[in-house]
Amino acid sequence: MFNTLAYHSSVLYRDFTSYTSEKLEKMGLHFGLLFFLIYVGKHPGATPSDLTAALRLDWGHSQRCITKLVENGFLTKEKAGRCYRLDLTDKGREAFEISHQVFFDWDEKRLAVLTGEERETLFALLRKLNPGKEVPRHV
């Protein structure tokens, strides 16, 4: 088997998306909408432009996802002056809690084989691979 960072990263990514999708499916969501809910949950009243820029998305894709979340009752999109503001509905808040928690639950599951010291070493090495890149506030 390949012993490369790319290989291990892709395997972990597939495992995380599969795990997350399983949890989100219960609410009628898919992995692609995870970060939209987390961003709006942590930035109530954000504009679609704010969200699109923060998540580094294509404008059209972002708007289609926002529209889908509004139509399915997860977000509200209210006109406020010259822009729109996004907020979570009650259903959206429940989905936000699940979406946010899935990161911690998956980490606990995957990192269970490591000691506390090994976890710290792993995260220190990962930070070293991503110098100057902190975890975004929307995560």
The chain: relative contact order in percent, alpha carbon pairs under 8 Å with at least 6 residues between: 26 percent
Per residue accessible area of the range 39-139, 1.4 Å probe, in Å²: 68 Å²
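Anything over 18 Å Cα to Cα? Flag those among Lys23/Lys77; Lys26/Lys109; Lys68/Lys91; Lys42/Lys91; Lys42/Lys128; Lys26/Lys77, in the order listed.
Table pairs above 18 Å Cα-Cα are Lys23/Lys77; Lys26/Lys109; Lys42/Lys128; Lys26/Lys77.
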Using a Förster distance of 30 Å, the FRET efficiency for Val70-Val113 (Cβ separation, nearest 0.05): 0.15
Chain lengthening between Thr121 and Glu22 when straightened (0.36 nm per residue, less Cα-Cα): 32.7 nm
Phe2, Phe31, reordered so the largest accessible area comes first (probe 1.4 Å): Phe2, Phe31
Accessible area of the chain belonging to carbon and sulfur atoms, whole % at 1.4 Å probe: 55 percent
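The values are calculated or read from the model by the stated rules, or taken from the named source; none is laboratory data. Computed from a prediction, not measured in an experiment: that's the story for all the values here. Cβ coordinates were reconstructed from backbone atoms using ideal geometry, including for glycine residues, and neighbour counts include every protein chain displayed. Quick note on the areas: whole protein, heavy atoms, side chains included, nothing else; ligands and nucleic acids left out. Shrake-Rupley method; radii C 1.70, N 1.55, O 1.52, S 1.80 Å.
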